[in-house]
Structure formats: structure tokens, C-alpha cells
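Here the structure comes first, spelled out in C-alpha cells, and everything after it is commentary.
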Amino acid sequence: MIDHVTANVTDVERAKRFYSEALAPLGYTLQMEFPEAAGFGSGEGIPNFWIGSNAGRGATHVAFTAADRGTVDAFHEAALAAGAEDNGAPGVREHYHQNYYAAFVHDPDGNNIEAVTHRPE
């Protein structure tokens, strides 16, 4: 279980727009903002995914849980439409396990963002 993850970004405003669009299919919304950071979450309360402009943080990989395969597909489509670069189309990754269905994108700052479900079709 992930408490929170922070991705380093070069432009917080651009990243807020990107993640607001790309994470919408997963039920994540912008929940908290500071001048150099913003937090997203899937419910009320404390965000569990943050973006910030701290050069010392470096690029990250974040995997978001998706409810089902259709949601993984929707994430991938929304992220590409929001400006991401494809890093792995939606599909089963059997080398992890037989029901590992995921999609990967690079956000505008090179962070590797994944949506994954472990549920069978």
C-alpha cells in the first residue's frame, strides 16, 4: 500500500493540468495546492500523490491502482491526450503474473506513470 508518492516536475502549473486530465479516469482529483507543490487523491482528505518542483527529488515511477482493465485503457488514452508519451500500451504483463494488466506513460517531465489492475478480464 502506498501512503504517498511525489514526482519532481519542472513546471507545477503544467503538471497540474496534465495530471488533472490523465488521472480523471482513475477517480483522482486535485485536492491540495501550495506554491511549489500540488496533491492529488481519490477521496476526501490527505492526497497520496504529489507533484513538486524540487530538483533534488529526481524522476520517479508511480503505479496507480485501477478498478479494471477498461479503467487502465481509459487512463492510457487520457494521459496520451493530455500530452504524455507512450511507454507501454495497455496489456497483460505475464512476467509479473497472469492478471497483471497495465499501461505506462512518461509524463511531460519524464516520470514513468503506470495504471494497473490485478483483476482477471
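The values are calculated or read from the model by the stated rules, or taken from the named source; none is laboratory data. These figures come from a predicted structure and were not determined experimentally. For neighbour counting, all protein chains shown are included, and Cβ atoms are generated from backbone atoms with ideal geometry for every residue, glycine included. When the accessible area is computed, the model is the full protein with side chains, heavy atoms only, and any ligands, DNA or RNA have been set aside. Shrake-Rupley method; radii C 1.70, N 1.55, O 1.52, S 1.80 Å.
Taking A102 and the conditions (1) open to solvent by less than 20 Å² (accessible area, probe 1.4 Å); (2) under 19 Å from A7 (Cα atoms), which numbered condition does it fall short on, given that it satisfies the others?
Going through the list (1) open to solvent by less than 20 Å² (accessible area, probe 1.4 Å); (2) under 19 Å from A7 (Cα atoms), A102 breaks only (2).
A81: surrounded by fewer than 14 Cβ atoms within 10 Å (Cβ to Cβ), modelled with pLDDT of 95 or more, more than 22 Å from N99 (Cα to Cα) and of a type outside the set (D, E, K, R), yes or no?
Yes, satisfied.
Quick check: is even one residue across segment 91-99 over 9 Å from H118 (Cα atoms) and either within 12 Å of the chain's Cα centre (by Cα) or in contact (Cβ under 8 Å) with a residue 12 or more places away in the chain (or both)?
Yes, segment 91-99 contains at least one residue that is over 9 Å from H118 (Cα atoms) and either within 12 Å of the chain's Cα centre (by Cα) or in contact (Cβ under 8 Å) with a residue 12 or more places away in the chain (or both).
So, of the residues in segment 105-119 that are among the charged types (D, E, K, R) and closer than 12 Å to F18 by Cα, which turns out to be surrounded by the fewest Cβ atoms within 10 Å (Cβ to Cβ)?
D109
Any residue in segment 58-68 that is aromatic (F, W, Y), assigned to a strand (DSSP E or B) and open to solvent by less than 40 Å² (accessible area, probe 1.4 Å)?
Looking only at segment 58-68, we keep the residues that are aromatic (F, W, Y), and these are 64.
So of that shortlist, the ones also assigned to a strand (DSSP E or B) come out as 64.
The next check asks that each one be open to solvent by less than 40 Å² (accessible area, probe 1.4 Å); those that pass are 64.
Yes: one or more hits.
Please state which of the following conditions W50 fails to meet, knowing it meets all the rest: (1) open to solvent by 60 Å² or more (accessible area, probe 1.4 Å); (2) out of contact with any helix residue (DSSP H, G or I) (no Cβ under 9 Å at 6 or more places or on another chain); (3) not in a loop (DSSP other than H, G, I, E, B).
Among (1) open to solvent by 60 Å² or more (accessible area, probe 1.4 Å); (2) out of contact with any helix residue (DSSP H, G or I) (no Cβ under 9 Å at 6 or more places or on another chain); (3) not in a loop (DSSP other than H, G, I, E, B), the lone unmet condition for W50 is (1).
Tell me, yes or no, whether segment 21-42 has at least one residue that is at pLDDT 95 or above, open to solvent by 70 Å² or more (accessible area, probe 1.4 Å) and out of contact with any strand residue (DSSP E or B) (no Cβ under 9 Å at 6 or more places or on another chain).
Yes, segment 21-42 contains a residue that is at pLDDT 95 or above, open to solvent by 70 Å² or more (accessible area, probe 1.4 Å) and out of contact with any strand residue (DSSP E or B) (no Cβ under 9 Å at 6 or more places or on another chain).
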